[in-house]
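**Q** Structure provided below as structure tokens; questions to follow.
The values are calculated or read from the model by the stated rules, or taken from the named source; none is laboratory data. Because the structure is a prediction, the values reported are computed rather than measured. Because the Cβ atoms are built from the backbone with ideal geometry, glycine has one as well, and the counts that use them run over all protein chains shown.
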Amino acid sequence: MEALFATVTGFLAASGLYLALRGRTFPVVVGLTLLSYAVNLFLFSTGGLTTDGAAVIQDGKTHYADPLPQALVLTAIVIGFAMTAFSVILAMRVRGDQGSDQVNDQRGDDAREEKS
């Protein structure tokens, strides 16, 4: 199971990095989201992957799942969703204002210089 988690984490990180280096805003947002998913999987796997561990401490159980990585990942998912929604809205606003969704588009700078 650890090998599967490591493979999926590596694939998500590589895909996210590839998309984050693209020239358009939507693939950049998707790439950063995939990178955050990879980090979440990594944090979740640091707590130890158990299939028979109790979720909470019970009497008589000596083997239980660590709740700290689960809480950290849940918090990171909520924050990541909010940041993704904000990034999509910001990208839509920039596309509407500049007429382009290129990350390094210079038309916005030229338009400001012409107005001066």
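**Q** Where residues in the range 1-44 are more than 24 Å from residue 82 (Cβ to Cβ) and among the small types (Gly, Ala, Ser), which of them is surrounded by the fewest Cβ atoms within 10 Å (Cβ to Cβ)?
**A** If we take residues in the range 1-44 being more than 24 Å from residue 82 (Cβ to Cβ) and among the small types (Gly, Ala, Ser), then 3 is surrounded by the fewest Cβ atoms within 10 Å (Cβ to Cβ).
**Q** I've got another one for you. Pairs, please: C-beta under 7 Å, at least 6 apart or cross-chain, first residue assigned to a helix (DSSP H, G or I) and in the range 2-30, second among the aromatic types (Phe, Trp, Tyr)?
**A** Listed pairs, sorted by first residue: 9/42; 12/37.
**Q** Continuing with the same structure: For residues in the range 86-113 being loosely packed, with under 11 Cβ neighbours inside 10 Å and modelled with pLDDT of 90 or more, which is nearest to residue 20 (Cα to Cα)?
**A** Only one residue tops the list, namely 89.
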